[in-house]
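What follows is one structure encoded as structure tokens, with my remarks underneath.
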Amino acid sequence: MALLAAILLAVFVLPSQWALPVIAAGAIWEAGESVLWIRWSQRRRAQVGAESMVGTSATVVAPLAPTGQVQVKGELWRARTTGVETVEPGRQVRVLTLEGITLVVERLPDEVSPPRTADPGDPTAS
């Protein structure tokens, strides 16, 4: 855009001795802007595909004993646990890796409720 503006200025507005410097400045501006946008667009790789699910949490849909189904980002996947225990539906698991089209998951620890503070008027508190 800067180059086009510089050319239009050089042809229609500016005296002839300024035409070449203005066009050169517009070309340098365009080149610098192009380099800036290319570097900005390549600052990190896009995460796409099944490999992008590694590290995310999933909800168990069919019991994992040790294989079953989990739901990740709205999609159902076949999954296998790393342990020998059965993981019931509704529990949260973490995706560790992908083997073919099967997710390898581990059970997330149970949620721990915060410790209860003692009420000074409660006779059962010790």
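Bear in mind that the values in this text are calculations on the coordinates, not laboratory data. Every value quoted in this text rests on a predicted model; they were computed, and no experiment measured them. Cβ atoms come from the backbone with ideal geometry, glycine included; neighbour counts cover every protein chain shown.
If you go through segment 11-18 one residue at a time, do you hit one that is assigned to a helix (DSSP H, G or I) and either surrounded by 10 or more Cβ atoms within 10 Å (Cβ to Cβ) or of a type in the set (Val, Ile, Thr) (or both)?
Yes, the conditions are met somewhere in segment 11-18.
Count, please, the residues in segment 84-101 that happen to be free of Cβ contacts under 8 Å to residues at least 24 places away in the same chain, on the phi < 0 side of the Ramachandran plot and surrounded by fewer than 13 Cβ atoms within 10 Å (Cβ to Cβ).
Residues flagged as free of Cβ contacts under 8 Å to residues at least 24 places away in the same chain, on the phi < 0 side of the Ramachandran plot and surrounded by fewer than 13 Cβ atoms within 10 Å (Cβ to Cβ) within segment 84-101 amount to 3.
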